[in-house]
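Here, each number is a calculation from the coordinates, and none is a lab measurement. Small disclaimer: the values here were computed from a predicted structure and weren't measured. Positions of Cβ are generated from backbone atoms using ideal geometry, with glycine treated the same way; all protein chains shown enter the neighbour counts.
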């Protein structure tokens, strides 16, 4: 079994504060915190069968993207209330949506590879 990172890369992105996912080392599936607890309660799996999935902050990915594109003006305003609106306008107005999507996937897969290696999880980056 292999974890297909291209299919699940977005679970490695932290968007919401309390959104956690767990990887099951026995069946190589990803479960929400609620699903994990149900499986433990039903004694289908043990607590040790699950590993908390690390997540990369979305802000970190956006900041890397803005540095790559040399948009330091927007980068300096990343603490503004409507920063994400401005960021989305920037990528849409400059026809960068596909570029941003590719960059985001690449960064998440790169992050996931490190996590998999650290946890000795077999993975693939092929589609």
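Quick rundown of the values:
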{"quantity": "Cβ-derived FRET efficiency at R0 41 Å, residue 110 paired with residue 46, nearest 0.05", "calculated": "0.85"}
{"quantity": "Length gained when the stretch residue 37-residue 17 is fully extended (0.36 nm per residue, less Cα-Cα span)", "calculated": "5.3 nm"}
{"quantity": "Mean Cα-pair separation over length for the chain, i.e. relative contact order, pairs under 8 Å, 6 or more apart, %", "calculated": "41"}
{"quantity": "Stretchable slack from residue 67 to residue 126, in nm (0.36 nm times residue separation minus alpha-carbon distance)", "calculated": "18.5 nm"}
{"quantity": "Residue 93-residue 57 FRET efficiency (beta carbon distance; Förster radius 25 Å; 0.05 resolution)", "calculated": "0.50"}
